[in-house]
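Everything below concerns the one structure shown next.
The values are calculated or read from the model by the stated rules, or taken from the named source; none is laboratory data. As the structure is a prediction and not an experimental result, all values here were calculated from the model. Neighbour counts run over all protein chains shown; Cβ positions are idealised from the backbone, glycine included.
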Amino acid sequence: MTESAYLKSSVGPVLAKAVAETVLAQPSNPQEYLALYLLHVLQEEERRGADAERKKKAEIQRQMWASERALREKRAADTIQRFYRQCRRKLQLRREEEEALWSKYEEAEGEAEELLDEEETAAAAGKSTDEVDKMDDKDGAAAAGGVDGNNEEEMIEDAASAVEEARRDFYKAQRFMLHIRKALIGALKKELTDQREQIRVGQDRMYDLLDLAEVERREKEEAEFVAAVTAGAIPSSAAITELVKKSEIPRHEGISTSMILYRVMRCWCYLFFDSTPKQTDTPAKVAALVKPFTFMQLLRAFNPVASYQRNRPLRIGLEGKHEEGEGDADDMLQDGGDEPLPQPKPRQARRVSRVLRVLMHDAEYVCAVNPADYLDEEEEEGAAKNSTASERGAALATLVETAAKKHSVMLYALLRMLRTASAYRDARDRWVSLLQQNGQDAPPNEEMPEDDDADSKNEEGLRDDDGEVDEAAVRRLLLVIGTDTDEALAKLWADQDEMQRKKWQAMAAARRGEEEEEVATNDEGDDDAGDD
């Protein structure tokens, strides 16, 4: 029954249509034509079945691919969300850690402030009448010496006050180092190596700036010479302004924290290990010198004006015994280091001071000469309105410190301690120099640094038989120790400062000469009037 129905519905119509086509076509061989027609119909049926099967398989594959794609997208979305949550968690932990470190930094600074105040109070209370008598004797000697003696004593007292103020700033900045962990140093070391490409780009920029500064210095020297020849011994500022090409003032929109990190760590290598510029001219070399535990010990014990022991943290004089166990578990790992380490050599102190000038001004030249020192009160009022160099320098230093603080509290703490240590050392050296110039001896408890003449790596102390700079010896030494680009740029800036200082000194001397001539003329006129 089923076969009959199939034949009736399928085979029957096909045969009927095939016979009808054969009759209409009237072929010479009807049987062959009928067979070929039926074969064609069968092939068409098979083709349609194959197409349907292929479409069915394609649809199944499409559905499988769509489901797999949806699954992959879901997995990718889950992975992205998981990594996003992890990154957000890491950022949150980093933020909390930075906030905790900053709180610890402020706490340590407050502790140091209190201890320094206690030390100052105890020192003031311990003054005896003998010291008061000594002060009276000094006043009498200064009075006998006249105005010059008063000025010298005043300069020495100001220098001593500057030393004390710099000491307070250094101890406040150093106090935080008693609470750090070596992992913080290790993180900065890893970051230093990871950002070596950015640092290389920054170093290339410094080479370009150094070349530009040398060209500008030569042009300025030529302009000064031409102006001096054509306008007299004292070139006018207007002529200099016309002749000297002014470079554009950089905007400092994005201060490179990688260069801040590199310069800070490089300066600490100068102070701790007496490294040469060639030993620290790449981030990899600096990172090789920085051993986190040793570096942490040195930060805790460092003293810029005296020798110190690596395994003995530097403490303020009046700290109590309750603080002896203060610090992290890293303090229990103290090793060796009984031999005291000397204070930084004058060569390294000068180098760090120069690098810091470039760092804190973000490689922009800011004149360090204050015209007010060479002007009288009336001229000073007018010059104060036009002089913005000090304000510019303070603004740049604030930008650099802000960038370091945003990067990490540890980098800011290292920068702050480096600046205060350099300022403390410079203030102490200036005070001792003033004492020696006035024929006074430094206090017996004051430890003097190594003499520059005994430093074989001091290129600034190489002199020939005539007392002039031995250029050939300097070049040979620089080939061995290398050249710090930042230091070289700061030296060019110092030369420009010296030119400005000489100009203002010449102007002040000329003004004093005119005033003396005017006073002498007035006195002669008064004498003539009295004779009449």
message: Condition first: farther than 16 Å from SER353 by Cα and of a type in the set (S, T, N, Q). Now tell me which residues in the stretch 388-428 satisfy that.
response: THR388, SER390, THR398, THR402, SER408
task: Scan the stretch 465-510 residue by residue and report those that are over 35 Å from the mean Cα position of the chain (by Cα) and touching a residue at least 24 places away in the same chain (Cβ under 8 Å).
output: ALA506, MET507, ALA508, ALA510
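Identify, from the list ALA112, ALA77, ALA108, the residue that is more than 30 Å from ILE316 (Cα to Cα), surrounded by 10 or more Cβ atoms within 10 Å (Cβ to Cβ), of a type in the set (Gly, Ala, Ser) and modelled with pLDDT of 90 or more.
Among ALA112, ALA77, ALA108, only ALA77 is more than 30 Å from ILE316 (Cα to Cα), surrounded by 10 or more Cβ atoms within 10 Å (Cβ to Cβ), of a type in the set (Gly, Ala, Ser) and modelled with pLDDT of 90 or more.
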Set ALA233, ALA228: member being closer than 23 Å to ASP497 by Cβ, modelled with pLDDT under 50 and of a type in the set (A, V, I, L, M, F, W, C): ALA233
field: Search result, residues across the stretch 177-209 that are surrounded by fewer than 17 Cβ atoms within 10 Å (Cβ to Cβ) and of a type in the set (A, V, I, L, M, F, W, C)
entry: ALA183, ALA187, VAL201
- prompt: What are the residue pairs meeting all of these: first residue in the stretch 26-39, first residue within 14 Å of LEU15 (Cβ to Cβ), second residue of a type in the set (A, V, I, L, M) and outside any helix (DSSP H, G or I), Cβ atoms under 7 Å, and 6 or more apart or on different chains?
  reply: none
field: From the options SER161, SER128, residue that is modelled with pLDDT of 90 or more, of a type in the set (Ser, Thr, Tyr) and loosely packed, with under 15 Cβ neighbours inside 10 Å
entry: SER161
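For (1) of a type outside the set (S, T, N, Q); (2) surrounded by 15 or more Cβ atoms within 10 Å (Cβ to Cβ); (3) touching a Cys at 6+ places or on another chain (Cβ under 8 Å); (4) not assigned by TED's automatic domain parsing to the domain that holds LEU210, each residue gets a yes or a no:
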residue: TYR412; (1), (2), (3), (4): yes, yes, no, no
residue: VAL432; (1), (2), (3), (4): yes, yes, no, no
residue: GLN440; (1), (2), (3), (4): no, no, no, no
residue: ASP465; (1), (2), (3), (4): yes, no, no, yes
residue: VAL469; (1), (2), (3), (4): yes, no, no, yes
residue: ALA472; (1), (2), (3), (4): yes, no, no, yes
residue: GLN496; (1), (2), (3), (4): no, yes, yes, no
